[in-house]
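Novice: Handing you this structure, nothing more for now.
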Amino acid sequence: MKYIISYRSLLAAAVSIVLATGCSKPESELDVDFIKYKEALKTEANETDTWLSENITAPYNIQVIWRYADVETDYGYNIIPPLRENVVPFMKVLDEVFVKSYIDIYDNSRMFANSGDFIRTYIPKQIQLLGEWAYGDNGVRKLGQAEGGRKIILYGINYWQDTEQLGRFLHTMFHEFSHILHQNKLYPETFEKVTPEGYTAQWFNPQDNEPLRFKQSREQGFVSDYARMNKDEDFVETLTYYLVLSDDGWKEMLAGIDGSEKAKEAAETAKNEGKSAEEQKQIADATAVATVNSARTAIQKKQAIINDYLKSAWDIDFRTLHNIVQKRMNVVFSNLDAYARPRATSSGLTAVDKYVLQYGMTGAVPSSVVSKFTCDGAHEHLRVDAH
């Protein structure tokens, strides 16, 4: 499946689209028996369920799963449900920015008799909300994942009030839904031929230097490090970045490609070959210029292919959809108080997040950090007490 609103790492920021709570847990001491918590999480329908039924399920045919259910989650992680008070505000934002952007784009469209039919037809029938993040053994933090076009899982929504985190959630949703689009109607093969040599399963290296990853990836013609995972991730990342980045943000992203990393490599090679300092500089300068031209051209070519694909396959004007998304994002970001009382967060990261980012991945967060799981019945969720 990762801001200004310019979301520089938006993915780091969404990093992936596959970034949540609990952490991967190969160590036996991190296994948690949830049996004793199940009854505490089984409650009668309340006002949250009523709102979801009336505003999400009925109009869009989407079931929102927000309570803990072990059969709905990944046994490889300790999964934490969201705080109940975050569910409705988060879904309001998702409705306003994601759902209604597509409804707007199909207003008066020839493809669907009713502008809402597109969403009702193609959106996954389940959206599962989880309160915290999950970490993979490769150090990647999960933000979300799509399961066969039927279900989308969104992690970490307890931090939606932080505008940077909120931008990541929106990126995640557009990213995952874009997978569904190309799975239903394939994009042209010409897309993967633009930067075929850049794809790698090791897109997350170097793990400890995200800015460098982004710099290197963009010099190779990718909008993000995660886009290098494979052609499909490249396709949806390019599509999503264009939607969620402002016009200035998109221009800044392209302008930020300066070719310096490739230039350093070329200068080092020239030095090892015994060339003079002047020759090294000439080679580095020429490499930087060539890199910039090649990278920007590649990204813009991918953008053009996506533009043609959306028009021919889905009767969507890419630029118009971008404008709609930007307008809705700006309205929401400027009026978060209207959705729920803001929450005091500095970085949007939990204590567990900070520990992992500081000390790296060792397969799981040690038991000394995740001390215990407790049930807070008032909020109908499970919390991690991190020290």
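The values are calculated or read from the model by the stated rules, or taken from the named source; none is laboratory data. No experiment lies behind these values; they were computed from the predicted model shown. Cβ sites come from the backbone with ideal geometry, for glycine too, and all protein chains shown count toward neighbours. Heads up: the accessible areas ignore ligands, DNA and RNA and are worked out on the full protein's heavy atoms, side chains in. Shrake-Rupley method; radii C 1.70, N 1.55, O 1.52, S 1.80 Å.
Novice: Being small (Gly, Ala, Ser) and in contact with a Lys or Arg (Cβ under 9 Å, 6 or more places away or on another chain), is that true of even one residue in the range 271-285?
Specialist: Yes; the residues of the range 271-285 include at least one that is small (Gly, Ala, Ser) and in contact with a Lys or Arg (Cβ under 9 Å, 6 or more places away or on another chain).
Novice: Out of the range 225-254, which residues are under 24 Å from Val99 (Cβ atoms) and small (Gly, Ala, Ser)?
Specialist: Ser246, Gly249
Novice: Report yes if Thr269 is within 24 Å of Ile316 (Cβ to Cβ) and either of a type in the set (Ser, Thr, Tyr) or in a helix (DSSP H, G or I) (or both), otherwise no.
Specialist: In short, no.
Novice: Hey, among the residues in the range 145-197 that are at pLDDT below 90 and of a type in the set (Phe, Trp, Tyr), which one's nearest to the chain's Cα centre (by Cα)?
Specialist: So, considering only residues that are at pLDDT below 90 and of a type in the set (Phe, Trp, Tyr), the one nearest to the chain's Cα centre (by Cα) is Phe169.
Novice: Does Asn55 satisfy the condition of being modelled with pLDDT of 85 or more, in a helix (DSSP H, G or I) and open to solvent by less than 10 Å² (accessible area, probe 1.4 Å)?
Specialist: For Asn55, the condition - modelled with pLDDT of 85 or more, in a helix (DSSP H, G or I) and open to solvent by less than 10 Å² (accessible area, probe 1.4 Å) - is not met.
Novice: Continuing with this model, one more query. In the range 203-216, how many are more than 18 Å from the chain's Cα centre (by Cα) and either under 13 Å from Glu233 (Cα atoms) or loosely packed, with under 14 Cβ neighbours inside 10 Å (or both)?
Specialist: Of the residues in the range 203-216, 4 are more than 18 Å from the chain's Cα centre (by Cα) and either under 13 Å from Glu233 (Cα atoms) or loosely packed, with under 14 Cβ neighbours inside 10 Å (or both).
Novice: Can you give me the number of residues within the range 218-253 that are hydroxyl-bearing (Ser, Thr, Tyr) and surrounded by fewer than 22 Cβ atoms within 10 Å (Cβ to Cβ)?
Specialist: Of the residues in that region, 1 qualify.
Novice: Specify which of the listed residues (Thr320, Thr374) is at pLDDT 95 or above, more than 30 Å from Ala267 (Cα to Cα), surrounded by fewer than 16 Cβ atoms within 10 Å (Cβ to Cβ) and hydroxyl-bearing (Ser, Thr, Tyr).
Specialist: The match here is Thr320.
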